[in-house]
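Notes to accompany the following structure.
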Amino acid sequence: MNDPDNWSDNMDDYLTFAHNGTLVFAKGALDFSGVEAKNGNKILDVACGTGSMVQAIIEKFGPQCDAQVLATDFAKGMVDAVEKRAKADGWINVKGQVQNAMDMTLPDSSFDAVFCVFCVMLIPDPAKALSEMLRVAVPGGTVTCVTWNAQGLLPMMQKAASLTKNLPAPVPFAFKGWADLDFNKEQLQAAGFREVRGVHVPGLLPLARKDIPEFVDSLPRNPGMKAGMFSSFTEEEINTFKGHMRNVILESFGDKEHYGFEAVANVVCGTK
Ligand SMILES: C[S@@+](CC[C@H](N)C(=O)[O-])C[C@H]1O[C@@H](n2cnc3c(N)ncnc32)[C@H](O)[C@@H]1O
């Protein structure tokens with residue numbers, strides 16, 4: 001299910017419904033890492049998606065900042081989206097490249113800073129991906145990973161799923177230990193990073209009332225969720241879930257037109 005074509009096909013959905021949410025946490029991760037974009041330093045974004053970390057870098061340091069940013073993803077559709085945005089918005093030092101995080105064709109010790117936002121927990125062999133990130137970082141360089149700790153959306157999805165399948169809540173979270181900050185730190189330590197540090201970054205995932213139906217329709221199409229929560233759902237159950245989910249979200253909106261799902265990300269940073 002964690003297939004590059006599925007993610008490429010999901011690019012439009014991702015840009016519409018996920019990008020602005022993950023951007024909040026990419027900004028938090030960039031600040032926590034202490035990474036600067038200057039003096040031609042080289043920054044790698046692993047599993048860039050539609051470019052939340054690239055956008056965070058550009059918004060913080062400017063579209064013509066003096067850093068070489070390489071945005072990589074195993075899904076060509078995602079890489080194309082970042083390159084299109086870079087061209088349209090004059091992000092002159094941003095390039096894209098298709099790369100699998102578990103087996104990158106990039107040279108050893110070639111990036112001052114590496115980021116991986118909301119992906120390591122989806123990868124079949126996360127230890128291999130971490131060792132690849134360590135390999136391509138320069139000695140003294142940093143690698144920063146972001147995973148979900150808690151999403152305000154998730155309890156709502158669990159409630160709608162429980163109503164659909166008459167299961168006792170909560171439906172198990174797909175990302176196993178990665179929801180725990182200490183687990184993330186242990187994984188970086190085991191991979192050989194030093195000075196591993198971590199923080200919880202809180203934020204809001206925005207949604208407008210008018211977008212609720214389309215947003216709910218997009219959830220089961222997300223390849224990460226398809227492989228997780230929805231893997232045991234029939235088509236009929238997915239349709240039933242959507243009805244429950246729209247109601248659960250509407251209840252929490254109250255009379256507001258715009259809503260923010262409260263969420264927390266784990267941000268961990270290690271030095272090579
Ligand atoms: C949840 S999205 C996160 C995207 C982006 N970093 C963000 O924060 O919005 C996960 C991304 O990981 C990519 N991905 C999944 N497995 C990968 C792998 N083995 N190598 C590289 N990219 C991968 C997917 O194509 C997708 O773009």
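The values are calculated or read from the model by the stated rules, or taken from the named source; none is laboratory data. The structure displayed is predicted, hence computed values, not measured ones. As a convention, Cβ positions derive from the backbone with ideal geometry for all residues, glycine included, and neighbour counts pool all protein chains shown.
Observations on the model:
- Those residues of segment 59-103 which are more than 10 Å from the ligand (Cβ to nearest atom) and of a type in the set (A, V, I, L, M), in sequence order: 67, 69, 70, 86, 88, 92, 94
- Search result, residues across segment 222-259 that are within 15 Å of residue 160 (Cβ to Cβ) and touching a Phe, Trp or Tyr at 6+ places or on another chain (Cβ under 6 Å): 253
- A count restricted to segment 25-48 and to residues that are surrounded by fewer than 24 Cβ atoms within 10 Å (Cβ to Cβ) and in a strand (DSSP E or B) stands at 2.
- Across segment 123-132, the qualifying residues are those that are hydrophobic (A, V, I, L, M, F, W, C) and out of contact with any Phe, Trp or Tyr (no Cβ under 9 Å at 6 or more places or on another chain), and the one among them that is surrounded by the fewest Cβ atoms within 10 Å (Cβ to Cβ) is 127.
- Residue list for segment 1-23, filter: of a type in the set (S, T, N, Q) and within 7 Å of the ligand (Cβ to nearest atom): 2, 22
- The one condition from (1) outside any helix (DSSP H, G or I); (2) surrounded by 20 or more Cβ atoms within 10 Å (Cβ to Cβ); (3) at pLDDT 95 or above; (4) among the hydrophobic types (A, V, I, L, M, F, W, C) that residue 138 does not meet is (2).
- Residue ID - surrounded by the fewest Cβ atoms within 10 Å (Cβ to Cβ), chosen from residues in segment 143-159 that are among the polar types (S, T, N, Q) and within 14 Å of the ligand (Cβ to nearest atom): 151
- Some residue of segment 104-114 being of a type outside the set (A, V, I, L, M), in contact (Cβ under 8 Å) with a residue 12 or more places away in the chain and within 9 Å of the ligand (Cβ to nearest atom): no
- Exactly one residue out of 37, 56, 47, 26 is touching a residue at least 24 places away in the same chain (Cβ under 8 Å) and more than 14 Å from the ligand (Cβ to nearest atom), and it is 37.
- Being basic (Lys, Arg) and touching a residue at least 60 places away in the same chain (Cβ under 8 Å) is a description that does not apply to residue 209.
- Residue ID - surrounded by the fewest Cβ atoms within 10 Å (Cβ to Cβ), chosen from residues in segment 64-115 that are over 21 Å from the mean Cα position of the chain (by Cα) and assigned to a helix (DSSP H, G or I): 88
- Checklist (1) in contact with a helix residue (DSSP H, G or I) (Cβ under 9 Å, 6 or more places away or on another chain); (2) assigned to a strand (DSSP E or B) applied to residue 161, failing item: (2)
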